[in-house]
Amino acid sequence: NLKNCNSSIETAVCFKNYFEENSTLKNNNFSQSCSQKLKYKLTNYSSNNSLDIDLFNATLIELCVSKLNSKKSPGFDKICIHHLTFAHPSLYFILSRLFYFMLKYGHVPRDFGKGILIPIPKDSRKSGILSPNDFRGITLSPTISKLFEHVLCFLYSDYLYSSSRQFGFKKKLSCSHAIFSVVNVINFFTTNESTVNMCCVDISKAFDKVNHDALFLKLLERCTPLCFVNVLKDWYSKLYSSVRW
C-alpha cells in the first residue's frame with residue numbers, strides 16, 4: 001500500500017506528482033540562460049548538415065532492428081520487436097524514408113514522446129506502507145521510436161562519446177568497474193606511502209533533472225550536424241508519460 005492512498009486512482013495520481021516533481025528543473029535562471037545561449041548558438045551555427053538519402057535504406061533498418069532487445073515490452077501502441085523482426089522487407093524501406101524526412105525537417109511524431117511509466121519497487125522484499133520514493137520508474141516507449149534511436153546512434157556515434165572515467169549509462173560498464181578503478185588508484189598512492197582523501201557525492205535525481213538545453217549546447221560544441229540536434233530538440237519537447245498502476 002502507498003502512504004495516504006486509498007484507491008488505485010489516488011495511487012496513480014500520487015506517482016504522477018512524484019515523478020513530475022523529480023523531473024522539474026529548480027534553477028529557473030540557469031534554465032533561461034541555457035535556453036538563450038542555445039537559441040543564439042542555433043541562429044549562428046554552421047556545420048555539415050547534408051543528409052545522404054542513400055544512407056537511409058532497408059539494410060540500415062534491418063541492421064538496427066537486429067540490435068533491438070526482443071525482451072523489451074511494447075509501448076502504448078502495442079507494437080513489439082517481433083512485429084519488426086518478422087515484417088515484410090517493404091516496411092524497412094518505408095521506415096527508412098520516414099526516418100530520412102524526420103531528420104531532414106527536424107520533426108518527430110508526437111506519439112514518439114509518449115511513454116508508459118511503470119513504478120517498480122526498489123526492494124521487492126520490503127512490505128507494508130510504502131512511499132513513492134521506494135519505487136523506480138521504468139518507461140515503456142513506442143517500438144518505432146526505439147528503432148529511430150538506434151538509427152541515430154548508428155549514424156552519429158562519432159559525436160556521442162564521453163570521458164573514459166565515466167562508467168554510468170554506458171554499454172558493458174557498471175558500478176563494479178568504477179569501484180575497481182577507485183581501488184586501484186587508492187592502492188597506487190598508499191603503496192607509494194601517500195595519503196588518499198576520497199569524497200563521494202550522491203546527486204539526487206541528477207539524470208531526471210538534467211537540463212536538456214545544456215546537453216544540446218554540448219553537442220553543438222562538438223560540431224554535431226544541425227539536423228541531428230534539431231530532431232532531438234523537437235523530440236524532447238514532446239516527452240510526456242502516463243502512469244500505469
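The values are calculated or read from the model by the stated rules, or taken from the named source; none is laboratory data. Keep in mind that this is a model prediction, so the values were computed, not measured. Every residue, glycine among them, receives a Cβ derived from its backbone with ideal geometry; neighbour counts consider all protein chains shown. These area figures cover heavy atoms from the full protein model, side chains too; ligands, DNA and RNA do not enter into them. Shrake-Rupley method; radii C 1.70, N 1.55, O 1.52, S 1.80 Å.
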Given the conditions (1) in a loop (DSSP other than H, G, I, E, B); (2) in contact (Cβ under 8 Å) with a residue 12 or more places away in the chain, report the number of the one that F99 does not fulfil. (1)
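Identify the residue in the stretch 161-214 that is among the acidic types (D, E) and at pLDDT 90 or above and, among all such residues, is nearest to E20 (Cα to Cα).
D213
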Can you tell me which of N184, N197 is exposed (fewer than 15 other Cβ atoms within 10 Å of the Cβ), polar (S, T, N, Q), free of Cβ contacts under 8 Å to residues at least 24 places away in the same chain and in a helix (DSSP H, G or I)? N184
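One line per residue, one yes/no per condition, for (1) in contact with a helix residue (DSSP H, G or I) (Cβ under 8 Å, 6 or more places away or on another chain); (2) of a type in the set (S, T, N, Q); (3) within 26 Å of A214 (Cβ to Cβ):
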| position | (1), (2), (3) |
| --- | --- |
| V13 | no, no, no |
| L42 | yes, no, yes |
| S46 | no, yes, yes |
| S50 | no, yes, no |
| F56 | yes, no, no |
| K67 | yes, no, no |
| G75 | yes, no, no |
| K78 | no, no, no |
| I81 | yes, no, no |
So which residues in the stretch 112-146 are open to solvent by less than 80 Å² (accessible area, probe 1.4 Å), touching a helix residue (DSSP H, G or I) at 6+ places or on another chain (Cβ under 8 Å) and of a type outside the set (S, T, N, Q), if there are any at all? F112, G113, L117, P119, P121, D123, P132, F135, G137, P142, I144
Of all residues in the stretch 210-237, which are surrounded by 15 or more Cβ atoms within 10 Å (Cβ to Cβ) and part of a loop (DSSP other than H, G, I, E, B)? N211, T224, P225
Answer yes or no: is there a residue in the stretch 113-123 that is assigned to a helix (DSSP H, G or I) and either farther than 27 Å from L217 by Cα or touching a residue at least 12 places away in the same chain (Cβ under 8 Å) (or both). yes
Check the stretch 142-152 and report whether any residue there is hydroxyl-bearing (S, T, Y), at pLDDT 90 or above and under 15 Å from the mean Cα position of the chain (by Cα). yes
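Matching residues to (1) of a type in the set (G, A, S); (2) under 30 Å from D134 (Cβ atoms); (3) without any contact (Cβ under 8 Å) to a residue 24 or more places away in the chain:
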residue	(1), (2), (3)
T24	no, yes, no
N28	no, yes, yes
Q32	no, no, yes
S35	yes, no, no
Y45	no, no, no
D52	no, no, yes
A58	yes, no, no
K67	no, no, no
Among the residues of the stretch 39-86, which ones are open to solvent by 80 Å² or more (accessible area, probe 1.4 Å), of a type outside the set (D, E, K, R) and not in a helix (DSSP H, G or I)? N44, S46, N48, S50, F86
Given the conditions (1) outside any helix (DSSP H, G or I); (2) open to solvent by less than 90 Å² (accessible area, probe 1.4 Å), every one holds for C14 apart from (1)
When only residues in the stretch 147-177 that are touching a Ser or Thr at 6+ places or on another chain (Cβ under 8 Å) and in a helix (DSSP H, G or I) count, which is least open to solvent (accessible area, probe 1.4 Å)? Y156
Pairs only if they're at least six apart or on different chains, beta carbon under 7 angstrom, first in the stretch 3-15 and in contact (Cβ under 8 Å) with a residue 60 or more places away in the chain, second part of a loop (DSSP other than H, G, I, E, B) and surrounded by 10 or more Cβ atoms within 10 Å (Cβ to Cβ); list them, first residue then second. K3/I129; K3/S131; S8/W245; T11/C5; T11/W245; A12/W245; C14/C5; F15/W245
